[in-house]
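Below is one structure, written out as C-alpha cells; the observations come after it.
The values are calculated or read from the model by the stated rules, or taken from the named source; none is laboratory data. It should be emphasised that the depicted structure is a prediction, and the values quoted were computed from it without experimental measurement. A quick note on method: Cβ atoms are made from the backbone with ideal geometry, for glycine too, and the neighbour counts reach across all protein chains shown. These accessible areas exclude ligands, DNA and RNA; they are computed on the full protein's heavy atoms, side chains included. Shrake-Rupley method; radii C 1.70, N 1.55, O 1.52, S 1.80 Å.
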Amino acid sequence: MKLSQTETPPEDCCEDSNHRLHKYLRQETLPTTFCVGCGCGTVLGAFAQAVDELSLPPEEIVMVTGIGCSSWIPSPYFKADTLHTTHGRALAFATGVKVMLPRMKVIVIAGDGDIAGIGGNHLIHAARRNIDLTVFMVNNWNYGMTGGQMSPTTPQGALTTTSPYHNVEPPLKAAELVAAAGANYVSRWTTYHVFPLAEAMQYAISKKGFSFVEIIAQCPVSYGKMVNMRSGSDFLNLYRDTSIRIEQARELSEEELVDKIVVGKLVERDAEEYVTKLYQVNSEQSAHKE
Amino acid sequence: MAKLPGDPGKKLKAEDSQVIRIDEDYCKGCSICIDFCPLEVLSESDQINRKGYYVPKISREQRCIGCRFCELLCPEFAITIKNE
Ligand SMILES: Cc1ncc(C[n+]2csc(CCOP(=O)(O)OP(=O)(O)O)c2C)c(N)n1
Ligand code: SF4
Ligand code: SF4
Ligand code: SF4
Ligand SMILES: [Mg+2]
C-alpha cells in the first residue's frame with residue numbers, strides 16, 4: 001500500500017475504537033503527540049487503569065501539571081479538570097487547590113526536570129508537610145521536551161546534549177529524598193513493570209498524606225539519540241535487565257547497586273496529614289475567639 | 001514463555017478465549033507489543049496505516065493467554081483484548 005505524504009486521516013478517524021480505557025480520555029486528542037515508543041503514553045494508560053480499578057469518578061479529580069513532555073500526560077489526554085501550570089510549580093499550585101478543595105483528589109503528573117529539578121524545593125516541602133497529594137514523577141533521565149539536556153536525575157556517565165563527553169554528576173535519588181522528607185507513601189517502578197506500576201498508582205491515589213511514585217519511563221528520542229537507544233523496546237529491555245526489587249537490594253552494597261534500578265515500595269507510614277491539621281487549628285482558633 | 005513483570009491480577013486478566021483487536025488508526029508502529037508479548041502472538045507486518053506506520057500483525061491469536069501486557073504497554077491505546 002502506497003501512502004501519499006499529504007493524505008490526511010478522515011474526520012471519523014479513530015471513532016470506532018472500543019478500548020476499555022478510552023472513556024477516561026479525550027478521544028479527539030488521540031493518537032498522542034508523543035514520539036513513537038515514548039513511555040508517556042504507557043504512564044497515561046497505567047494511570048487510567050488505576051483510576052478504573054478504584055472506580056474513582058474523574059469529576060472528583062483535579063490534575064495539576066507543569067511543563068515538559070511528561071506534563072502533557074494529563075492535559076489534554078485525561079478527561080478531568082486540569083491545571084497546566086508553569087515549569088516546576090505544579091506542587092505549589094496543587095497545594096493551593098488541595099487546601100481550598102480538600103475533598104478533591106489532587107494528582108500531579110510531571111517530569112523529573114519539572115518536579116525534581118526546577119521544582120525540587122517545592123517537592124521537599126510538600127513531602128515534609130505530608131500534604132494529601134498524589135505525585136507521579138515521570139523520570140526519563142533528561143529534559144525531553146527541550147531536546148535532551150541533562151537533568152538532575154540523569155545517570156552518571158550518560159551522554160546528553162549538555163554532557164556530550166559524559167555526565168560527571170551523580171543523579172538525585174528523588175524517591176529516597178521524598179521518603180526522607182516525610183511522605184506517607186513512596187515507591188518506584190518503570191514502564192516495563194506496568195502491572196505493579198498501575199497497582200502502585202492506585203494505592204498512591206487512595207493513600208492519605210503525601211504519596212509519590214517515581215516512574216522510570218523511556219524517552220527514546222531526546223535521550224535515546226545520545227545513548228544510541230532509539231526505540232522504546234531498547235529501554236524496556238534495559239529496565240527489565242537492570243531492575244532489582246527493593247527487598248533484594250537491601251542485601252546489597254552501594255557499589256553493587258550502581259547502574260541498578262531499585263523498584264518497589266520504599267516507604268509507607270500513617271503520619272498525620274497537613275490539610276486536616278490546618279483546618280483543625282483554624283476551627284480551634286475561631287472557637288477560641290467566640 | 002517469557003516472564004511477565006508481576007501479576008496482571010484477576011480483574012485484569014481475561015479468562016476464556018481472547019480476541020485481540022488492533023486499532024490501526026491509533027498505532028504508531030513502535031513494536032513494543034511485538035517485542036514484549038510473552039507468547040509471541042504478534043509480529044511485524046508490511047501493512048502501513050494511514051499515517052505511514054507499520055501496524056503489527058496478529059499471527060498466533062490462539063496462543064494468547066489474555067495477560068493484557070500488550071494492552072497496557074501500548075503507548076497509544078491501540079490494542080484491546082476482549083473475552084469471547
Ligand atoms: C521557567 C522555565 N524554565 C525553562 C523552561 C524550558 N523548559 C521547558 S520543558 C523543560 C524541561 C522539561 O523536562 P522534564 O520536566 O523532565 O519533562 P520531559 O520533557 O523530560 O518529560 C524546560 C527546561 C520553561 N518552560 N520554563
Ligand atoms: S522527546 Fe522524549 S519524552 Fe518527549 S515525547 Fe519524545 S520520546 Fe517522549
Ligand atoms: S494479552 Fe498477553 S499473550 Fe495476549 S497478545 Fe497481549 S501480551 Fe500477548
Ligand atoms: S505497542 Fe501499540 S503503537 Fe506500538 S506497535 Fe503495538 S499497537 Fe502499535
Ligand atoms: Mg524528563
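For this structure, a couple of remarks:
- Label-to-label distance for B:Asn83 and A:Lys23 is 1.6 nm, based on points extended 7 Å past Cα in the beta-carbon direction.
- Peptides ranked, highest mean first, by Cβ atoms within 10 Å: ranges B:47-54, A:81-88: A:81-88, B:47-54
- Contact order for chain A, expressed relative to its length and based on alpha carbon pairs under 8 Å spaced 6+ residues apart, stands at 17 percent.
- The Rg/Rh ratio for region A:115-204, using Cα coordinates for both the radius of gyration and the Kirkwood hydrodynamic radius, is 1.00.
- Whichever lysines have a C-alpha closer than 25 Å to that of A:Lys289, once near sequence neighbours (fewer than 8 apart) are set aside: A:Lys277
- Residue with peak Gaussian network fluctuation, chain A [Cα springs, cutoff 10 Å], from A:Ala200, A:Ala180, A:Ala94: A:Ala180
- Paramagnetic label reach from B:Glu44 (point 7 Å along Cα→Cβ; backbone nitrogen cut-off under 16 Å): within region A:228-246, residues A:230-234.
- Radius of gyration and Dmax over the Cα atoms of region A:51-155, both given in Å: 13.4, 39
- Efficiency of FRET between B:Val19 and A:Glu254 - r from beta-carbon atoms, R0 35 angstrom, step 0.05: 0.10
- Here the Karplus curve 6.51 cos²θ - 1.76 cosθ + 1.60, taken at θ = phi - 60°, turns the phi angles of region A:121-138 into couplings of 6, 4, 4, 4, 7, 5, 5, 4, 5, 6, 6, 6, 10, 10, 10, 10, 9, 8 Hz, with x standing for Gly and Pro.
- Here r is the Cβ-Cβ distance between A:Thr86 and A:Thr33 and R0 is 22 Å; the resulting FRET efficiency, rounded to 0.05, is 0.65.
- Ordering of A:267-274, A:48-55, A:182-189, A:142-149 by burial proxy (mean other Cβ atoms within 10 Å per residue, highest first): A:182-189, A:142-149, A:48-55, A:267-274
- Chain A - mean residue ellipticity at 222 nm from DSSP helices (-39,500 (n - 2.57) per run, n ≥ 4, rounded to 500): -9500 deg cm²/dmol
- Modelled spin labels at A:Glu268 and B:Ile58, positioned 7 Å past Cα toward Cβ, are 3.7 nm from each other.
- Principal axis extents of the Cα atoms in chain B, from largest to smallest and rounded to whole angstrom, are 37, 25, 21.
- Given a 1.4 Å probe and the protein chains as shown, A:His288 ends up with an accessible area of around 150 Å².
- For residues of B:62-75, the mean tally of beta carbons on other chains within 10 Å: 4
- Shielding by other protein chains, A:239-246, mean Cβ within 10 Å: 1
- Here the Kirkwood formula puts the hydrodynamic radius of region A:20-285 at 18.4 Å, using every distinct Cα pair.
- Listed residue pairs exceeding 29 Å between alpha carbons, taken from A:Lys23/A:Lys207; A:Lys23/A:Lys98; A:Lys98/B:Lys13; A:Lys98/B:Lys10: A:Lys98/B:Lys13; A:Lys98/B:Lys10
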